[in-house]
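What follows is a set of notes on a single structure, which appears directly below.
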Amino acid sequence: AVTDNKPKINYVSEDDLKSIIQDGAMWAVDEGFIDETELSRLEHHGQFLSDEERDRSVSSIPRDAYKGGLRKARSLGGGNHFLELQRVTEVLDESIASTVGIKEDDVLIWIHTGSSSFGKRLENYYTQRWNTKDHRRRLRQKWRRFFYHLELNQLARLPQRLRLVRGVGMDEGLDVNSSEGQRYLTAHRAAMNYALVNRLFLAKMAQQAINESGAEASFQLLIDVAHESIQQETLNKGTFWVHRNGASRAVPPLQWDDPWGAQLGQLLPLPGSLGSSSYVAVTQPGVEESFWAVNHGAGRVLEKHEAQDGISQEELDQFKNQMGHKIFYAGSGKDLAEQVPGAFKNISAVAKALEEHHLAKLVARTESIASLKS
């Protein structure tokens, strides 16, 4: 359970930010957001940096990223990021649900966000550094991006896509063993520490809001995993650099060292789209074949601009009025159209496919009560 004897959350200072970067979830333990026993429910126990990287992590962060990190701490970010209250409407595996403490009508706090401006500014900084070291390389990359994103039609883009897939004209990349490569990886892992603590910030704020409403509630942390990461993994097939994009690290049974995970498999959050169901699952042995990775949600069938162009403001207003739960939206214009269920695959079909391919076992289905989006 999370204790509430600490003062309310204030904006982070620069010293706090440095500690968050270096210490990861231990900073949140010291602040009373979680207790130390819950660290085993966090990916890599809430610390993505090695001891050696921890000492040099602060120097890997450019000043511009610090500014973004200070300003954006405790924020959801944009796009499909959300904080939702979801009610457990159906328990699909009584035994596993009982073990992890989930029962019908429980309310779960779901949070989807990352490192926001902090990580984006890191990316911009290091990309600029790579591209300005070699004038010819910079020009090549600019032309590749221009032709790749030039949307005349899908057929016109096909040859470029095929060349990229085959590796012709791909960016040269960065030697992981070079000093620049090591500096980038350190900064990337520092951003993962920041993103984790940002989610714990938001969880704590949600708990405080629930307590202040007068509701009687107890809280426990179930799981936290990133869905954007570059990590070196030693798997049955060997050692690889695994880039998970829109996917979560999914550790098979007996590999996750939390008591639940060792017995049942790692817990997996499978969020649906706005207004659809979501699922809680546990990993199955099939994740050995997917490089310890599982999609972290339904996945899009429409790109964001396609969803915006395909729905009118009147239709969007009608959609919001017909929703069975409250939507608190801080965005503007038709950005919310990007998140309507029709822009995504059917999460129930996706979840069923994960079961059929022995990647996950479904534990519970949830439905939204309230959604906060920005």
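FYI, it's all coordinate maths here, none of it is from the lab. Small disclaimer: the values here were computed from a predicted structure and weren't measured. Here Cβ is always computed from backbone atoms with ideal geometry, including for glycine, and neighbour counts include all displayed protein chains.
Things worth noting here:
- Amide N proximity, region 100-119 versus S213 label position 7 Å along Cα-to-Cβ, cut-off under 14 Å: 106-110
- Net charge dipole, region 79-127: roughly 480 debye, given to the nearest 20, about the Cα centre with Cβ charges of +1 for Lys and Arg and -1 for Asp and Glu.
- When each of the peptides 188-196, 35-43 is scored by how many other beta carbons lie within 10 Å of its residues on average, the order from highest to lowest is 188-196, 35-43.
- Rounded if a/c under 1.5, otherwise prolate or oblate - region 210-322, Cα gyration tensor axes: oblate
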